[in-house]
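Accompanying notes for the structure given below.
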Amino acid sequence: MSSSFDSGANLFHHSVAIALGALSERGRLLPSILFAFLWSTLVYDPIACWTWNPSGWVYKLGGLDFAGGTPVHISSGSAALAYSYILGKRAGYGTQKLNYRPHNVTHIVIGTVFLWVGWFGFNAGSALSANLRAVMAAVVTNLAACVGGMTWCLIDYRLERKWSTVGFCSGVIAGLVAITPGSGYVPAWVAVVFGLGADDALDIFAVHGVGGVVGNLLTGVFAADYIAHLDGYTKIDGGWLNGNWIQIGYQAADSATGMAYSFTVTCLLLILLSLLGRVVPALRLRVDRAEEEQGIDNVEIGEFGYDFVELVREVKPVGFPDDGESEIVGVEDRSHSRATMVRGSKEAQAESYPLQAMGRTAVV
């Protein structure tokens, strides 16, 4: 009972964290906490119930979802899509004002490693005991992650002629998402197919929503009864590998219903919170334009992740020529830092200008 509760709590935390990724750079924290409680109660709980409860309609129908393709990834990906639509586009979206470069590649790699290792508990742990089925789930999880990372990296190279570390990490996560529903049902060689089919764009809905749907459908194709029975007691009809042609229909019904339910209820919850925010300003879903330009770190938390961000925001040249002779060579206009790099004319470069930095004057 304890392992079952721990596994369920782990899946729940993942779902909420994924959905709240849509707040990036424009959402307020307080209403998101209220949304997390409402969403987990009215969206995640019903979907998890109909998927894994013996009385649930998907469970009775014969749908296969070992570790959370629909309750975790499809539901949270759809919720993130709805949240993004309700919040609206970020200031400067579609222009050079938004910088899409990776924030910190080292942190991306470290985070990917944490997720990769943690996913063994996420998938293999869904067997709820140390048996051969859990071992097979761990094996296919690792294979799908490897193939997903290599696939994304190869496609990146074909398009950009660069071996992208960030692309590899994105592919790893997409592969892990895709294998999740079938990890306890498919043989090892099939994990390669899950990894190959997982490449998509760099956003929550594409990786988690679309990845979850792909994983669900492929589970209907490649589920094998002998893999499920490795725990000694689970019996299924399998998928197309076992000649059970209707299984992919069950998987499609589960995916479509979970996506539609999550998206619709999420929209209704956010509209309700938006109306409530008109009465209670603290519950406004989105910061205003001025606050967005200052950055969420500053407005909502009052702290910066890096000291230089605060410094660059406040440093400005005193007496720097503004007569059109300056040549702007690069603008790094991020919504969280608003940093601008300026190179002056040759005459201006030869001189030293005092800088007014946060009320202090310095000479460089």
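Could you state the number of Å between the C-alpha centres of the stretch 259-276 and the stretch 56-75?
22 Å
Of the listed peptides 71-80, 54-63, what is their order by residue-averaged count of other C-beta atoms within 10 Å, with the highest listed first?
On the way: 71-80: 30.8, 54-63: 15.2.
Sorting 71-80, 54-63 by mean packing, highest first, produces 71-80, 54-63.
Indicate the gyration tensor shape class of the stretch 2-279 (rounded, prolate or oblate), computed on the Cα atoms with a ≥ b ≥ c the square roots of the eigenvalues: a/c under 1.5 is rounded; otherwise a/b larger than b/c is prolate and the rest oblate.
Numbers: a/c = 1.89, a/b = 1.24, b/c = 1.52.
Because a/c hits 1.5 or more and a/b fails to exceed b/c, the stretch 2-279 counts as oblate.
What is the sum of charges around Leu87, taking Lys and Arg as +1, Asp and Glu as -1, for the other residues whose C-beta is under 12 Å from the C-beta of Leu87? Working shown, then result.
Working: positive: Arg26, Arg28, Lys89, Arg90, Arg284, Arg286; negative: Glu25, Glu292.
With Lys, Arg at +1 and Asp, Glu at -1, the neighbours total +4.
If you take every residue apart from Arg133 with its C-beta less than 14 Å away from the C-beta of Arg133, what net charge results, scoring Lys and Arg +1 and Asp and Glu -1? Working shown, then result.
On the way: positive: Lys235; negative: Asp225, Asp231.
It works out to a net charge of -1.
With a 10 Å radius around each residue's Cβ, average the other Cβ atoms per peptide and rank 16-26, 159-169, highest first. Please report the intermediate quantities before stating the final value.
On the way: 16-26: 19.7, 159-169: 15.1.
Ranking the peptides 16-26, 159-169 by packing returns 16-26, 159-169.
What does the highest-first list of 118-131, 270-283 look like by mean Cβ count within 10 Å? Before the final figure, lay out each step's value.
On the way: 118-131: 19.0, 270-283: 12.9.
By packing density, highest mean first, the sequence is 118-131, 270-283.
Only sites in a loop by DSSP and with at most 16 other Cβ atoms within 10 Å count here; which chymotrypsin sites (Phe, Trp or Tyr not before Pro) in the stretch 190-280 make the cut?
Numbers: sites: Phe194, Phe205, Phe222, Tyr226, Tyr233, Trp240, Trp245, Tyr250, Tyr261, Phe263; in loops: Tyr233, Trp245.
Answer in residue order: Tyr233, Trp245.
Only the coordinates and a few stated rules stand behind these numbers; no lab work does. Not measured: the values here are computed from a predicted model. Cβ sites come from the backbone with ideal geometry, for glycine too, and all protein chains shown count toward neighbours.
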